[in-house]
Amino acid sequence: MQFYLSRREMKCGSSSSLVAVFTAVWACATGVLTDTRSQKQPTVLIATLVRNKAHTLPYFLTLIENLDYPKDRISLWIQSDNNVDNTLDLLKTWLETEEKKYHKVYFTYDENSRGFEGEKGIADWNNARFNHVINLREEALANARNMWADFLLMIDADAFLTNPKTLSELISKDETVIAPLLKSDGMYSNFWAGMTKEYYYMRTDRYKPILFREEIGCHTVPMVHSAVLINLKKIESDLLTYNADKLGPQRYDGPRDDIITFAVGANISGIPLHICNDQVYGFITVPLESQDTISQDKQQLTNLKLEILAYQEQLPLSKNLARFVTYPVKDTLGMDKIYMINLLRRPERRERMRHCFKELGILAETIDAVDGRTLNESSLKEWGVRMMPEYADPYHKRPMTMGEVGCFLSHYVIWKKVVESGYDRVMVLEDDIRFEPYFRQKVSFITSEVERLKIDWDLVYLGRKRLQDQEEPPVEGSRYLVLAGYSYWTLGYLLSRRGAEKLLEAKPLENMVPVDEYLPILFDKHPRTAWKGHFPERDLIALSAAPLLLYPTHYTGERGYISDTEDSTVITSLPGTKTREEL
């Protein structure tokens, strides 16, 4: 064997270099290689407690399957009891096909238990339940230590690791306690940025920048929960516990609670807790209130799946578990028709909306949008389109684009369908929308209120952008509706037959402006007097949901934002169109 030292390595006094050289010599002589590519991955025990989660398990287990980590280096510890749904059947079915892929599976269950004495419901946490969960988490922790696992991932069955590399990424950070940031459909997440002296949640200015990834990295926080990776190779990990009795009354005098005890124990032992948002790791459902039911938990899952669809593809679902997932029967939410506008060249949006409708139980007809790219001077003349002479985009000071014309014509086609079909009320949706939680229920609240109060209406915005700061008066007696002011966007709205007739009778194609400028003109809230002069009948009764039920999936400037109206050819040659210089 021959060894070559660089000039730098041969310098006198370079003891670290000499150590490195002798280490290399020894490795080569003995055949012991230090190349990490030849080393096995650390061993991991994934521990989860499951109770009444048959609705989340198909997705949770699929994502566990999808983790990009050697399964023969993973052991599973699953404990389930006190179920009133088919959680156990689902777990058994999954393990029949997946158990042999993992190093070891510890599956313990009690199919006879149905709750704890004094428990008021499936979401009620009394002392008996807390003591039970604390003991189980301690058992999982002891099991991991006894089997000499390198890491323990303690994860709840409603935490969804959509990033397949979550496990390997967290392990690589070499922290004692670390958690991936999980997003919900609201402000809830799996960490606290503050804790009161009584050990409860405290709102702080640090929370939002971490949650919304305005500050990227791994942040030290006083609490992580629901998906927590513990590095058992660290000596200080021996101090971690879920049992307050092991901390002693002099060190902990807080509530009987597993996650609070764990966090406080780590904090007083000087073990930092980290929440990482350097990547998008996954999602988590909003927890139930004590009086809530399984049905409400299922609705929380639907809310989360819709939120996920606003950011990425749907939650993956293995074929083996797909039969356990149910969807609501589709209907039109009390409308005569629901229309969804989509460009044929945007199939990804059409597919996303199809998944949204499946989750919501919405029966919708897809309208192939008029594509601005296919329009030209000749086709616009066939439509009878003439530009309003005074129009200039308020922000860009330009004429309309072909995309904006196509958008208007797409809505115009629907208005004609409403009148020709004799529909009393319809819902119109665009394809770049994000549904607010409990969308179905909120639509029902609005329509019930309209009928109960006998509210006169032509159009109800479900999603829009308010353009003026003045207060919008509520509809008399209403909890959910206001009189709409000057607004942009046509994300979604309810439309009556009379409203459709008014929109058509004003002959908008003869003095065209963008559709979200046209609507405020017709209900006489537009600030441009000259524009309104082209439409003398401005008696459209426009209301708006408050709070709104729909928002855009992306805003201008955000990653993934695409505008088929803005990014389009500007019209310069049609009658009524002025050049930029004339504008």
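If a residue must be open to solvent by less than 40 Å² (accessible area, probe 1.4 Å) and outside any loop (DSSP other than H, G, I, E, B), how many such residues does region 363-385 contain?
Residues in region 363-385 being open to solvent by less than 40 Å² (accessible area, probe 1.4 Å) and outside any loop (DSSP other than H, G, I, E, B): 4 in total.
Going through region 149-206 one residue at a time, which ones are in contact with a helix residue (DSSP H, G or I) (Cβ under 6 Å, 6 or more places away or on another chain) and polar (S, T, N, Q)?
THR176, SER189
Please count how many residues of region 491-513 are touching a strand residue (DSSP E or B) at 6+ places or on another chain (Cβ under 9 Å), under 15 Å from GLY533 (Cα atoms) and not in a helix (DSSP H, G or I).
2
Would you confirm, using the coordinates I've provided, whether LYS165 is closer than 19 Å to HIS225 by Cβ and open to solvent by 40 Å² or more (accessible area, probe 1.4 Å)?
Here the answer is no, as LYS165 does not meet what is asked.
Could you go through region 275-288 and let me know if any residue there is among the small types (Gly, Ala, Ser), in contact with a strand residue (DSSP E or B) (Cβ under 9 Å, 6 or more places away or on another chain) and assigned to a loop (DSSP other than H, G, I, E, B).
Initial filter on region 275-288 (among the small types (Gly, Ala, Ser)): 282.
Filter once more, so that each one left must be in contact with a strand residue (DSSP E or B) (Cβ under 9 Å, 6 or more places away or on another chain): 282.
Okay, now just the ones that are also assigned to a loop (DSSP other than H, G, I, E, B), so none.
No, there is no match, as no residue in region 275-288 is among the small types (Gly, Ala, Ser), in contact with a strand residue (DSSP E or B) (Cβ under 9 Å, 6 or more places away or on another chain) and assigned to a loop (DSSP other than H, G, I, E, B).
Inspect all residues belonging to region 246-263 and state whether any of them is open to solvent by 60 Å² or more (accessible area, probe 1.4 Å), charged (D, E, K, R), over 26 Å from LEU211 (Cα atoms) and not in a loop (DSSP other than H, G, I, E, B).
Scanning region 246-263 turns up at least one residue that is open to solvent by 60 Å² or more (accessible area, probe 1.4 Å), charged (D, E, K, R), over 26 Å from LEU211 (Cα atoms) and not in a loop (DSSP other than H, G, I, E, B).
Are any residues in region 264-298 within 18 Å of GLY186 (Cβ to Cβ), open to solvent by 10 Å² or more (accessible area, probe 1.4 Å) and hydrophobic (A, V, I, L, M, F, W, C), and if so, which ones?
VAL280, VAL286, LEU288
Per-residue answers, yes or no, for (1) more than 16 Å from SER544 (Cβ to Cβ); (2) hydroxyl-bearing (Ser, Thr, Tyr); (3) out of contact with any Pro (no Cβ under 9 Å at 6 or more places or on another chain):
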site: LEU429; (1), (2), (3): no, no, yes
site: LYS442; (1), (2), (3): no, no, no
site: GLU449; (1), (2), (3): no, no, yes
site: LYS454; (1), (2), (3): yes, no, yes
site: SER478; (1), (2), (3): no, yes, yes
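Looking only at region 349-362, how many residues end up being open to solvent by 40 Å² or more (accessible area, probe 1.4 Å) and either among the acidic types (Asp, Glu) or more than 19 Å from the chain's Cα centre (by Cα) (or both)?
1
Residues are listed down the side, and each one gets a yes or a no for (1) modelled with pLDDT under 95; (2) open to solvent by 30 Å² or more (accessible area, probe 1.4 Å):
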{"residue": "PHE445", "(1), (2)": "no, yes"}
{"residue": "ASP456", "(1), (2)": "no, yes"}
{"residue": "VAL460", "(1), (2)": "no, no"}
{"residue": "LYS465", "(1), (2)": "yes, yes"}
{"residue": "GLN470", "(1), (2)": "yes, yes"}
{"residue": "VAL482", "(1), (2)": "no, no"}
{"residue": "ARG497", "(1), (2)": "no, yes"}
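Hey, any hits in region 318-332 for a residue that's without any contact (Cβ under 8 Å) to a residue 40 or more places away in the chain, assigned to a loop (DSSP other than H, G, I, E, B) and within 29 Å of GLY403 (Cβ to Cβ)?
no
Looking only at region 342-362, how many residues end up being over 15 Å from PHE435 (Cα atoms), without any contact (Cβ under 8 Å) to a residue 40 or more places away in the chain and in contact with a strand residue (DSSP E or B) (Cβ under 9 Å, 6 or more places away or on another chain)?
Result for region 342-362: 1.
Within region 514-539, which residues are of a type in the set (Val, Ile, Thr) and either in a loop (DSSP other than H, G, I, E, B) or open to solvent by less than 70 Å² (accessible area, probe 1.4 Å) (or both)?
VAL515, ILE521 - these are the residues of region 514-539 that are of a type in the set (Val, Ile, Thr) and either in a loop (DSSP other than H, G, I, E, B) or open to solvent by less than 70 Å² (accessible area, probe 1.4 Å) (or both).
In region 386-431, what residues are of a type in the set (Asp, Glu), open to solvent by 40 Å² or more (accessible area, probe 1.4 Å) and over 24 Å from SER444 (Cα atoms)?
GLU390, GLU420
Residue check: is GLU449 open to solvent by less than 70 Å² (accessible area, probe 1.4 Å) and not in a strand (DSSP E or B)? Steps first, please.
Details: open to solvent by less than 70 Å² (accessible area, probe 1.4 Å): yes; not in a strand (DSSP E or B): yes.
So GLU449 passes the test.
Can you list the strands (runs of 3 or more DSSP E) lying wholly within region 6-119 that have 3 or more residues being crowded, with 19+ Cβ neighbours inside 10 Å and modelled with pLDDT of 95 or more? Don't jump to the end; show me each part of the working.
Working: elements: 44-50, 74-80, 104-109.
Those strands (runs of 3 or more DSSP E) span 44-50, 74-80.
Going by what's in this entry, would TYR412 be described as at pLDDT 95 or above and not in a helix (DSSP H, G or I)? Outline the logic, then answer.
Working: at pLDDT 95 or above: yes; not in a helix (DSSP H, G or I): no.
Against the criterion (at pLDDT 95 or above and not in a helix (DSSP H, G or I)), TYR412 does not qualify.
Taking the conditions exactly as written (open to solvent by 30 Å² or more (accessible area, probe 1.4 Å) and either at pLDDT 95 or above or among the aromatic types (Phe, Trp, Tyr) (or both)), does LYS197 satisfy them or not? Spell out the reasoning first.
On the way: open to solvent by 30 Å² or more (accessible area, probe 1.4 Å): yes; either at pLDDT 95 or above or among the aromatic types (Phe, Trp, Tyr) (or both): no.
No; evaluated as a whole, the condition is false for this residue.
Identify the single condition in (1) more than 27 Å from LYS120 (Cβ to Cβ); (2) not in a helix (DSSP H, G or I) that PRO209 does not satisfy, given that it satisfies every other one.
(2)
Being part of a loop (DSSP other than H, G, I, E, B) and surrounded by 18 or more Cβ atoms within 10 Å (Cβ to Cβ) narrows it down to one residue among LEU315, LEU304; which is it?
The conditions single out LEU315.
Does LEU509 count as within 29 Å of ARG440 (Cα to Cα) and in contact with a Phe, Trp or Tyr (Cβ under 7 Å, 6 or more places away or on another chain)? Steps first, answer last, please.
Values: within 29 Å of ARG440 (Cα to Cα): no; in contact with a Phe, Trp or Tyr (Cβ under 7 Å, 6 or more places away or on another chain): yes.
Spelling it out, it is not the case that LEU509 is within 29 Å of ARG440 (Cα to Cα) and in contact with a Phe, Trp or Tyr (Cβ under 7 Å, 6 or more places away or on another chain).
Of the residues that sit in region 201-227 and are within 20 Å of GLU175 (Cα to Cα), of a type in the set (A, V, I, L, M) and over 20 Å from the mean Cα position of the chain (by Cα), which one is surrounded by the fewest Cβ atoms within 10 Å (Cβ to Cβ)?
VAL221
The values are calculated or read from the model by the stated rules, or taken from the named source; none is laboratory data. Small disclaimer: the values here were computed from a predicted structure and weren't measured. All Cβ positions, glycine included, derive from the backbone under ideal geometry; neighbour counts span all protein chains shown. Protein only, heavy atoms only, side chains kept; ligands, DNA and RNA dropped before computing areas. Shrake-Rupley method; radii C 1.70, N 1.55, O 1.52, S 1.80 Å.
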